[in-house]
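The values are calculated or read from the model by the stated rules, or taken from the named source; none is laboratory data. Note that this is a predicted model, so its numbers are computed, not measured. Ideal geometry is used to build each Cβ from the backbone, glycine not excepted, and the neighbour counts take in all protein chains shown. All accessible areas refer to the heavy atoms of the entire protein, side chains included, with ligands and DNA or RNA removed. Shrake-Rupley method; radii C 1.70, N 1.55, O 1.52, S 1.80 Å.
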Amino acid sequence: MQGDATLVAASVAGELASVVAFSFGIAEARQILRRHPLPDDAPVAERIRRYRHEGRLGVFAGRPTLGLNRLQEAVDLAEQAGLPLLEAHGRMALGAALSAGTLGQEAEHHLRRAIALTSAHALPEQHVRATLRLGQHLLRLGLRTDAGQLLDDALGAAVRAGLTRLEEQIVGTLGYLLIGERRFHTALTHLDRAVELCREHGGKRGLYVALCNRGLALALAGRPGDARVDLTDALGASGGGAGWYGALGTA
């Protein structure tokens, strides 16, 4: 029983550390993982999850080589063990890290593999998530047409499956893409929905980004008064400490 409790604690600690790290609590996340090491006899699935958490932490902490190596270990182990969901999770994390590091071809390979895995094994939520990640990656590379098609596909699938939190991310990204194409009316339709969903879910960071992007679209569409309202609201959503252009880069 003690061994089971230790394993459960280590598993929960890994999930908690990832959440804390994403909130920029790097030192705290490291401490959580140190206090709850994975037992030597942990099942392979738990080892894969721990590798993924450690890899993401390494990336967040500015140690990309360590982080990428750990994420690759998670992917390799999941592939060897025949665990497609964990492999897809690992490839999405690895693809996102490589994309941020401008390693475009490698990132695309892992994200497309995640899409194929989630499609083959009928994992609709993860399939939408992987498609979104690839769309965001292609958008970073300036491949707007390809990114737009993927995001449209992801949006349709998210709406059909009732995945509103993913819908929120997708419409926000589509809105940002369409601003760049100067299609302000359509961009505003998506960004209105993003703001609505963010307010519904209480996502502070997402609301900040959506308001910033909608403010930009309104300003470029010749509606400076409405734009000022959104940008002022965005400052309130961020607590007044975030940079406006920084938010645009995370859309």
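Things to note:
- Per-residue [θ]222 nm for the chain (sum of -39500 (n - 2.57) over DSSP H runs n ≥ 4, rounded to 500): -27500 deg cm²/dmol
- Share of carbon and sulfur in the accessible heavy-atom surface of the chain [1.4 Å probe, %]: 54
- Diffusion coefficient, µm² s⁻¹, Stokes-Einstein with Kirkwood Rh over alpha-carbon pairs of the chain at 4 °C and 1.567 mPa s: 68
- Whole-Hz Karplus values for region 185-199 come out as 4, 5, 4, 5, 4, 5, 6, 4, 5, 4, 5, 4, 5, 5, 5 Hz, taken residue by residue from phi with 6.51 cos²θ - 1.76 cosθ + 1.60 and θ = phi - 60°; glycine and proline positions read x.
- Phi angles across region 130-135 convert, under the Karplus curve 6.51 cos²θ - 1.76 cosθ + 1.60 with θ = phi - 60°, into 3J(HN,Hα) values of 5, 5, 4, 4, 5, x Hz, Gly and Pro given as x.
- Degrees between helix 84-100 axis and first principal axis of the chain (Cα, 0 to 90, nearest 10): 50
- Residue (of Leu177, Gly236, Leu155) at the positive-pole extreme of the chain, dipole from beta-carbon charges: Gly236
- Using the Cβ-Cβ distance between Asn69 and Ala122 with R0 set to 30 Å, the FRET efficiency works out to roughly 0.45.
- 0 to 90° range, to nearest 10: angle between helix 64-81 axis and the chain longest Cα axis: 70
- Cα gyration tensor shape of region 168-221, rounded if a/c is under 1.5, else prolate or oblate by comparing a/b with b/c: prolate
- Gain in span if fully extended, Leu235 to Glu200, counting 0.36 nm per residue against the direct Cα distance: 10.7 nm
- Here region 24-100 and region 128-144 have alpha carbon centers that stand 22 Å from each other.
- Amide hydrogen neighbours beyond the local backbone of Arg63, cut-off 5 Å, H modeled: none
- Surface accessible to a 1.4 Å probe, per residue, for the residues of region 94-245, Å²: 49
- Net charge of neighbours whose Cβ lies under 14 Å from the Cβ of Glu73, counting Lys and Arg as +1 and Asp and Glu as -1: +2
- For the pair Arg144 and Gln80, the difference between a 0.36 nm per residue extended length and the Cα-Cα distance amounts to 19.5 nm.
- Against the main long axis of the alpha-carbon atoms of the chain, helix 224-238 sits at an angle near 20°.
- Förster radius 51 Å - calculated FRET efficiency between Ala100 and Ala5, Cβ distance, rounded to 0.05: 0.90
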